[in-house]
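I have placed the structure first, in the form of structure tokens, so that the comments after it can refer back to it.
The values are calculated or read from the model by the stated rules, or taken from the named source; none is laboratory data. What you see is a predicted model; the values in this text were computed from it and never measured. Virtual Cβ from ideal backbone geometry, glycine too; neighbours counted across all protein chains shown.
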Amino acid sequence: MEKIDKERVGIRIDVLHNIIEDLNNDPELQRIFGSPVSKALVAVAEDNDLRIEEGGIVDLEEEETKRFLEILNRIIKANTI
């Protein structure tokens, strides 16, 4: 049987820490999820994809989901450039 090497995805722990800290400090996310924001979020790994998602603790309206994704993407980009 041939061994197949899959690509691996990783993120430095210090970068992940900074992302979580920025999420926790965002006033709009605090209004949506409470404080700390990170208690309402989960890290999900699927194949070669690592994501941060809302964990279903808060029943989000469509507009809140949209704002969460916008803020999350902004914070991730700011920390990974």
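Can you go through 5, 22 and tell me which one is modelled with pLDDT under 95 and not hydrophobic (A, V, I, L, M, F, W, C)? Steps first, answer last, please.
On the way: 22 fails: modelled with pLDDT under 95.
Answer to the check: 5.
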* Please list, ordered by first then second residue, the pairs with beta carbon atoms under 7 Å, 6 or more apart or interchain, first in region 26-40 and of a type in the set (Phe, Trp, Tyr), second in a loop (DSSP other than H, G, I, E, B). => 33/58
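Can you tell me which residues in region 22-55 are acidic (Asp, Glu) and either surrounded by 15 or more Cβ atoms within 10 Å (Cβ to Cβ) or more than 17 Å from residue 80 (Cα to Cα) (or both)?
Of the residues in region 22-55, the ones acidic (Asp, Glu) are 22, 26, 28, 46-47, 49, 53-54.
If the condition is that a residue be acidic (Asp, Glu) and either surrounded by 15 or more Cβ atoms within 10 Å (Cβ to Cβ) or more than 17 Å from residue 80 (Cα to Cα) (or both), then 22, 26, 28, 46, 47, 53, 54 are the ones that fit.
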* Please specify each residue of region 43-81 satisfying the condition of being within 12 Å of residue 23 (Cα to Cα), touching a strand residue (DSSP E or B) at 6+ places or on another chain (Cβ under 8 Å) and of a type in the set (Val, Ile, Thr). => 52, 76
* Matching residues, region 53-75, being among the acidic types (Asp, Glu) and under 14 Å from residue 37 (Cβ atoms) -> 53, 54, 64
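So which helices (runs of 4 or more DSSP H) are wholly in the chain and hold at least 2 residues that are touching a Ser or Thr at 6+ places or on another chain (Cβ under 6 Å)?
Numbers: elements: 13-25, 27-33, 62-80.
Those helices (runs of 4 or more DSSP H) span 13-25.
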* Considering every residue within region 60-74, establish whether at least one is of a type in the set (A, V, I, L, M) and at pLDDT below 90. => no
* Structure fact -> Out of (1) in contact (Cβ under 8 Å) with a residue 24 or more places away in the chain; (2) loosely packed, with under 12 Cβ neighbours inside 10 Å; (3) among the hydrophobic types (A, V, I, L, M, F, W, C), the one residue 81 does not meet is (1)
* **Residue check, residue 14 at pLDDT 95 or above, acidic (Asp, Glu) and surrounded by 13 or more Cβ atoms within 10 Å (Cβ to Cβ)** => no
